[in-house]
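Presented below is the structure to which this report refers.
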There are 2 protein chains.
Amino acid sequence: MNNSRSLLDTKLLAQRFEAGNDASVQLEACQHIAQTYATIENGIAVLSDFNTRQSYLYPGGVAQQLGLDENNTTMRSIWEDELFNRIHPEDLQRKYRLEFQFFQLMKSIDVAQRFDYEAVSKLRIKNKEGNYVFVRHRILYLKGPEDDAIRFALCLYNVLYTHPEFDIPQGVIVNTKTAEVIDYDKQQFDNKLSSREKEILGLIQYGRRSKEIASQLAVSINTVHRHRQNILQKLKVSSAIEACRVAQNMGLL
Amino acid sequence: MNNSRSLLDTKLLAQRFEAGNDASVQLEACQHIAQTYATIENGIAVLSDFNTRQSYLYPGGVAQQLGLDENNTTMRSIWEDELFNRIHPEDLQRKYRLEFQFFQLMKSIDVAQRFDYEAVSKLRIKNKEGNYVFVRHRILYLKGPEDDAIRFALCLYNVLYTHPEFDIPQGVIVNTKTAEVIDYDKQQFDNKLSSREKEILGLIQYGRRSKEIASQLAVSINTVHRHRQNILQKLKVSSAIEACRVAQNMGLL
């Protein structure tokens, strides 16, 4: 069940962070942003610092409604597990997967555009009576002291109002500037790899070597190598093992 | 067309503001909040100060997409007319009406709870190509130096993404803490006044005096006076003329 989470863990924490001089100033600025959201919108704001591997939880008025412990506000983890334990397991899996896709996309675009995106998901979360209510979850990255690595993530949880016209998709990535919607579940990743590439990646996953793959598909070993290279490039990974994990996580295999 | 706006104008600006010592500190804090929203979400944030009758516009990335003049950021008015001129006239009228209802409600509840509410509306707004796109508009009040008067309003405009599952109602007031939805258009004001009270208010509007009303309805003048008092109390107004304007604006007459 925690396959997506551990993959995301690896990806987020394996980044190379350079300690900028203004790191603590940036942390304070990010904390202030999280605090503002919690106060103004009564939502729960969680700021995660991937470098120090700590999270800071700001409980707006909704935390009280949900029966969340409002004192446990600094966590020695990038994950806010007290909250996650209340999320419906299916939704939590979907959330991890979307966050992974979000991270991959953010790493692949120009740093200056990274802050124009956010991932939005609809989650069922248990309130203090033990009943599931819908919340809107948003994740976005905040500017850190070194912009190539993604250091600060802001997660915002707000209640979704019970009204027939209030609705959000289960999980999409949006551009807040251009209004573009990237619906990963439905379209984006379907055409990421060609069917030949998927076939080859499937064989790699089953432990076949390039030579065996070439023979099985009746193509030259150079062709197999070329496909391997394309797969690594398309998935933005550096090894075949990583490619398998990523493809599985994206639902490509 | 500007009936709702002028009524709102009167109500907002007629409040009694006491100059607190920390007024400028509070203004700066509110400006910082508006700035944060514009930066983080690429939306347009407008902070209005009903005391000094000025507004401060913070153009996030969306302003550019809409073709809005990004330099005109301090306005000697509580209304952001450059933006309003781009809103579909029907939606603008609905927005004024909702804001009026929001103000009335916020004045009638405990000050401590006032900051748990926001009014949300869906507006059509012209982009730089002259085509209408949907935006989500939210209005909420921020803490000012004197809490009885409502001094600072924050208006947030964000694009509504073109995706079948992203939707919001045309205009509702929500409690961000309890998730309660107050759907003014559909229910709230329908039962505000009894049919007898509506009848009497209608007669007042046509210029009838209490004595004439009593005679026409075959009731005592004391009964008419009692109804008048109830109407003023229910609509939170101090004169019959004001009652007529308010009731009309709420769609009660």
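Miscellaneous remarks
- Selection of region B:146-166 for residues being farther than 22 Å from A:PRO169 by Cβ and open to solvent by 30 Å² or more (accessible area, probe 1.4 Å) yields B:ASP147, B:ASP148.
- Scanning region A:64-104 for residues that are part of a helix (DSSP H, G or I) and of a type in the set (D, E, K, R) turns up A:ASP81, A:GLU82, A:GLU90, A:ASP91, A:ARG94, A:LYS95, A:ARG97, A:GLU99.
- Some residue of region B:216-227 being surrounded by 20 or more Cβ atoms within 10 Å (Cβ to Cβ), outside any loop (DSSP other than H, G, I, E, B), at pLDDT 90 or above and not assigned by TED's automatic domain parsing to the domain that holds B:ALA38: yes
- Any hit, region B:21-35, residues being open to solvent by less than 20 Å² (accessible area, probe 1.4 Å) and in contact with a strand residue (DSSP E or B) (Cβ under 9 Å, 6 or more places away or on another chain): yes
- Checking each residue in region A:74-101 for being surrounded by 14 or more Cβ atoms within 10 Å (Cβ to Cβ) and acidic (Asp, Glu) picks out A:GLU80, A:ASP91, A:GLU99.
- Set B:GLU212, B:GLU242, B:GLU197: member being acidic (Asp, Glu) and either crowded, with 18+ Cβ neighbours inside 10 Å or in contact (Cβ under 8 Å) with a residue 40 or more places away in the chain (or both): B:GLU197
- Failed criterion for B:ARG138 (all others in (1) assigned to a strand (DSSP E or B); (2) touching a residue at least 24 places away in the same chain (Cβ under 8 Å); (3) not aliphatic (A, V, I, L, M) hold): (2)
- Restricting attention to region B:36-73, the residues that are within 13 Å of chain A (Cβ to nearest Cβ), in contact (Cβ under 8 Å) with a residue 12 or more places away in the chain and surrounded by fewer than 16 Cβ atoms within 10 Å (Cβ to Cβ) total 0.
Rundown of residues vs (1) under 25 Å from B:LEU160 (Cα atoms); (2) outside the structural domain of B:PHE152 (by TED's automatic domain parsing); (3) part of a helix (DSSP H, G or I); (4) modelled with pLDDT of 90 or more, yes/no style:
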site: B:LEU7; (1), (2), (3), (4): no, no, yes, no
site: B:ALA29; (1), (2), (3), (4): no, no, yes, yes
site: B:HIS32; (1), (2), (3), (4): yes, no, yes, yes
site: B:TYR56; (1), (2), (3), (4): yes, no, no, yes
site: B:VAL62; (1), (2), (3), (4): yes, no, yes, yes
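- For region B:171-184, filtering for residues that are open to solvent by 10 Å² or more (accessible area, probe 1.4 Å) and either at the interface with another protein chain (Cβ under 8 Å from one of its Cβ atoms) or of a type in the set (D, E, K, R) (or both) leaves 6.
- A:LEU193 closer than 29 Å to A:ARG114 by Cβ and not assigned by TED's automatic domain parsing to the domain that holds A:LEU123: yes
- Some residue of region A:39-54 being among the β-branched types (Val, Ile, Thr) and part of a loop (DSSP other than H, G, I, E, B): yes
- All conditions but one from (1) part of a loop (DSSP other than H, G, I, E, B); (2) touching a residue at least 24 places away in the same chain (Cβ under 8 Å); (3) within 14 Å of another protein chain (Cβ to nearest Cβ) apply to A:GLU18; the one that does not is (3).
- Residue tally, condition closer than 22 Å to A:THR178 by Cα and either outside the structural domain of B:GLY61 (by TED's automatic domain parsing) or open to solvent by less than 10 Å² (accessible area, probe 1.4 Å) (or both), over region B:108-128: 4
- Scanning region A:129-140 for residues that are open to solvent by 10 Å² or more (accessible area, probe 1.4 Å), within 11 Å of chain B (Cβ to nearest Cβ) and of a type outside the set (Lys, Arg) yields A:VAL133, A:PHE134.
The values are calculated or read from the model by the stated rules, or taken from the named source; none is laboratory data. What you see is a predicted model; the values in this text were computed from it and never measured. Cβ coordinates were reconstructed from backbone atoms using ideal geometry, including for glycine residues, and neighbour counts include every protein chain displayed. Keep in mind that these areas ignore ligands, DNA and RNA; they rest on the heavy atoms of the full protein, side chains included. Shrake-Rupley method; radii C 1.70, N 1.55, O 1.52, S 1.80 Å.
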